Amino acid sequence: MTGKTLTAMLDRSAAESPEVAARFWSESETIIYRELAERARSMAGGLLREGVRRGEPVGVLCPNAPEFLVGLFAVLYAGGAAAPLPLPLSGGGRQAASYPGRLRAVAQASGMSRILLSHRFGGLAGDLADGLPGITVLATDTLGSEPDGLPAATAQGGLPEVTAPDGLPEVTAQDAAIVQFTSGSTAAPKGVRLTHGNVVAGLAAISEGIALGPGDGGGFWLPLFHDMGLFGTLSAVLSGIPAHVWSPLSFVRNPARWLGEFAGSGATITAMPNFGYDHLLAAVTPEEAADFDLRHWRIAFNGAEPISQESVTAFVERFAPAGLRPETVFGVYGMAEATLAVTFPPLGREPLFEWVDRDTLSGTGRAVPAEPGAQGSRAVAGVGRPVSGLRLRVADPMTGQEREEGVVGEILIQGDPVTSGYLTAEPGADADAFIDGWLRTGDLGYLRGAELFVTGRRKEMITVRGANFYPQDVEAAARDTPGLFRGRCVAAAAPDGSQSMLLIAETTLTGADAEALTTALRTRIGAELGLSEVSVHLVAPRSIPRTSSGKVQRLAARELLVS
């Protein structure tokens, strides 16, 4: 994987692999890489005529379809920075109603004045025009270059800009390329600012870390505006190998069908959070598993949320009869701020978990080894070592002092793929994002040797009368309680400052059965964690808010109760 800019990499992919394609299964459409580059260059001309300036963030509001890739690269060819935008929710309700407000917050944070809108969302154009004053909405199916009349590109500040032979500006590694809004963005979002150099370095690290080669193919269902879906797909396209893309809804509605199509596509690599593997386990019975042929599945990235030892073990066992090898399951750590990849395990290694004493880990921050599966123990996933071009430390969150081995601290990162900062509507709001030149991830973990073990999010730690608890420990204690809808629950600190634990649990039960479930949840958590002050709130199925990639939003769930 070579090239100093994303546009140069696409040009190379189009020249060397012109007939290789990205197939969009849910839309029954395909685009070959030669056509992708041609259409993107044509659309870039239209963007320049619309007045897009060098470095300007341009929103890309498209589903997992060809126009997403065309629009993203068109912005890059025009010298702008592509800002993938979250899609409107189709189910209605509170989150759907707040969608225009969320887009306004994103536009304000990034300084965005233009949005590329897919023709599939044509009915949304009027609502966007009304709800986003000052934003120009451009349709992807009508925005294209004409044979003549391409304007001369001008640099900010009025100096002439170097242009390519076709009149498009020459972009550099230092130019802004992507503004990635993290999936948990709220009313005051921050956009991760990534240059061409950042993204090229990040994609190279991914390629090297999994030995990406001509025999591979990528297959992804995560939304393309999510970092794991975006950079996973770009890794395939810019390496000149086939890319297979599904809609998130197609996976959620029928995981077994997706698995069959993935296996039949010839794709060898996919990526999803831990809950995706749980969905596949729930959808495919042990008797049905052998009907699939997974012998060619080489890399199954598991990241973006805590990795469950129980889920990984069950997944490997369930699909072994289909030819799935244990080393295919690839537990990783990453984030948008690092162009996705932070640590990878070595190729060919089976999933690694370290069992530690749960109370000591949460209480003192020390990872003391324990017997696997013993009462009061917790399995923490090993997610490997830093990828090429990236450096990592585990340090005291307040002082930046490096922690000794086996002691929990905040994970700090530095390197070529790492952002230099954020776009935000509040000047100086990201000033505390760095400490001594290292990016603060907000994640907690510890090192054992050079191996990173991630324990949780710093802001999600729950303190009850001076004792610290990881929310995932509380959720694990409650998850198997009969009556809980698909084990779905979320733990957080009580919002009233009462130093108590809050558990929000989904269920279909009502009346006396619901009261019995509440008692059972309190009893289980008390017995497992020694917590007597637990406030249980039962909600209807699918009420707990999730991010665009399906991760639960603990803090947002808590705020829903407040509001």
Peptides ranked, highest mean first, by Cβ atoms within 10 Å: ranges 245-251, 226-232 = 226-232, 245-251
Please list 77-87, 8-18, 393-403 highest first by mean number of surrounding beta-carbon atoms within 10 Å per residue.
-> 77-87, 8-18, 393-403
Log10 I(q)/I(0) at q = 0.15, 0.20, 0.23 Å⁻¹ for region 378-489, from Debye over equal alpha-carbon scatterers, is -0.79, -1.12, -1.28
Pull up all non-local amide H partners of Thr30: gap of 5 or more, or a different chain, and H-to-H distance under 5 Å with H placed in the peptide plane.
-> Phe24
Take the Cα coordinates of the chain, assign each an equal point scatterer, and use the Debye formula without solvent to give log10 I(q)/I(0) at q = 0.07, 0.09, 0.12 Å⁻¹.
-> -0.41, -0.68, -1.24
For Thr523, net neighbour charge (Lys/Arg +1, Asp/Glu -1) across residues whose Cβ lies under 14 Å away = -2
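Over region 459-563, give the accessible area per residue in Å² for a 1.4 Å probe, as an integer.
46 Å²
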For Lys4, list the aspartates and glutamates whose Cα falls under 13 Å from its own Cα; do not include residues on the same chain fewer than 8 positions away.
-> Glu170, Asp175, Asp416
Percent of accessible area on region 372-467 owned by carbon and sulfur, 1.4 Å probe?
-> 45 percent
Can you tell me the relative contact order of the chain? Whole percent, Cα pairs under 8 Å, sequence separation 6 or more.
-> 11 percent
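Using the Kirkwood radius over Cα pairs, work out the Stokes-Einstein diffusion coefficient for region 448-563 at 20 °C and 1.002 mPa s, in µm²/s as a whole number.
Calculated translational D: 146 µm²/s.
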Could you name the lysines whose alpha carbon sits less than 22 Å from that of Lys459, not counting residues in the same chain fewer than 8 places away?
-> Lys190, Lys551
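Rank-order 525-535, 380-390, 405-415 by packing density, defined as the average count of other C-beta atoms within 10 Å over each peptide's residues, highest first.
Averaged packing, sorted descending, gives the order 380-390, 405-415, 525-535.
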Can you pull out the trypsin sites (Lys or Arg not before Pro) in region 502-549 that DSSP calls coil and that have at most 14 other Cβ atoms within 10 Å?
-> Arg542
So how tilted is helix 309-319 from the main axis of the chain? Cα-based, degrees 0 to 90, rounded to 10.
-> 70 degrees
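Taking a ≥ b ≥ c as the square roots of the Cα gyration tensor eigenvalues, with a/c under 1.5 meaning rounded and otherwise prolate when a/b beats b/c, else oblate, which class fits region 264-312?
Oblate is the answer for region 264-312, as a/c is 1.5 or above yet b/c matches or exceeds a/b.
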Averaged per residue, what accessible area in Å² does region 165-263 show with a 1.4 Å probe, protein chains only?
-> 30 Å²
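The values are calculated or read from the model by the stated rules, or taken from the named source; none is laboratory data. These numbers come from a predicted model, not from an experiment. Please note: Cβ atoms are built from the backbone with ideal geometry, for glycine as well, and neighbour counts cover all protein chains shown. Side chains included, ligands, DNA and RNA excluded: accessible areas come from the protein's heavy atoms. Shrake-Rupley method; radii C 1.70, N 1.55, O 1.52, S 1.80 Å.
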